[in-house]
Amino acid sequence: MLCLCGVHRSAFAWGDEGHEVVGLIADHYLDPAVRSRVQAILATDATQLTANDIAHEATWADKYRDSDRNTTKQRYTQTHNWHFVDLEIGSPDLSAACFGQPRLPPATPASSGAANDCVVDKILEFSTELKNPSTDPPERLLALEFLLHFVGDVHQPLHASDDHDQGGNLKLVTAPGIHSNNLHHYWDTEFVAKLGTSDVEIAQRLINGISDTQRAQWSGGTPADWAMESFSAAKDHAYGLLPSAGARNHYQLSAAYVDDATTVVAEQLSKAGVRLAMVLNRALQ
């Protein structure tokens with residue numbers, strides 16, 4: 001039953017609503033015992049950056065990253081690269097996009113790993129920590145909070161691709177009925193908003209559309225596989241269907257582009273929710 005709980009990159013991977021949708025879909029597919037463990041771990045979060053339910057905690061990593069962005073920048077510098085994997089459209093190279101995939105030194109918490117690392121590596125590291133019963137409780141909480149967010153991040157096509165434009169941040173776009181903004185923002189927020197009026201409504205609608213066959217198909221693969229899948233969505237849709245640029249690198253998107261993008265976003269959010277549940281069920285069973 002769905003719980004009705006309510007280069008610098010300037011844009012987030014999914015806005016709050018998209019991450020909340022992923023969290024709610026995942027919650028629907030959690031084993032009951034795992035759901036209880038997730039809730040118990042999240043209840044220990046005393047940062048007050050978000051409410052402690054799974055949907056809001058799925059936004060925590062963005063808020064943590066930006067909590068000192070205008071002051072000390074310690075949290076920002078340590079974690080901001082972890083949210084994406086910039087696979088170049090013309091020559092995708094996972095190792096390069098992951099800064100050479102630095103190894104986590106023995107006995108080093110994943111939350112203290114190299115700042116120059118990518119979302120693919122961090123999902124693997126934090127999944128290992130969450131599954132290990134000897135992980136200290138504060139680190140286990142961090143592992144869960146980062147996973148709730150990063151599994152969503154890797155499914156945002158423009159957080160797994162780059163066309164020498166900071167993942168779409170440098171392309172100004174306009175579409176019928178939507179205020180001008182950059183392409184990354186459109187995929188983060190505007191196309192999600194097309195799916196419904198609230199995170200709960202969108203999540204329920206997407207859950208209703210996920211078949212048993214799709215859930216089985218999506219409940220597999222590795223974070224690297226998911227990143228390459230998101231990359232393909234970006235190459236074929238986000239970038240591949242862009243019209244020719246106008247003046248000042250401005251793109252006028254058609255209604256057909258918006259419809260296609262909204263369909264892609266719905267599937268990516270659905271996959272992210274199913275796979276997040278899979279990660280948590282395996283780690284906390």
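Here are the numbers:
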{"item": "Of every Cα-Cα pair in region 171-237, the percent that sits beyond 17 Å", "result": "61 percent"}
{"item": "Cross-link partners of K73 among lysines (Cα-Cα below 19 Å; sequence separation of 8 or more within a chain)", "result": "K63"}
{"item": "Sequence-distant residues sharing a close amide H with N181 (under 5 Å, placed H)", "result": "V173"}
{"item": "Cα point-scatterer Debye curve for the chain, base-10 log of I(q)/I(0) at q = 0.08, 0.10, 0.11, 0.16 Å⁻¹", "result": "-0.30, -0.48, -0.59, -1.29"}
{"item": "Magnitude of the charge dipole, region 91-141, Cβ model with Lys/Arg +1 and Asp/Glu -1, debye to 20", "result": "80 debye"}
{"item": "Per-residue Cβ neighbour rank within 10 angstrom, fewest leading, R103, R65", "result": "R103, R65"}
{"item": "Equivalent ellipsoid semi-axes, region 8-84, via Cα gyration tensor eigenvalues times 5, rooted, Å", "result": "25, 15, 9"}
{"item": "S232-H179 FRET efficiency (beta carbon distance; Förster radius 30 Å; 0.05 resolution)", "result": "0.55"}
{"item": "Reach of K235 by Cα under 27 Å, taken over lysines that are not fewer than 8 positions away in the same chain", "result": "K122, K171, K194, K271"}
{"item": "Proxy reagent accessibility, fewest Cβ within 10 Å first, across E88, E139, E20", "result": "E88, E139, E20"}
{"item": "Helical mean residue ellipticity (222 nm; -39500 (n - 2.57) per DSSP H run of 4+; nearest 500) of the chain", "result": "-14500 deg cm²/dmol"}
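Values quoted throughout were computed directly from the atomic coordinates according to the rules given, and no laboratory measurement underlies them. Treat the numbers as computed from the prediction; the structure is a model and nothing was measured. Note that we place each Cβ from the backbone using ideal geometry, even for glycine, and neighbour counts take in every protein chain shown.
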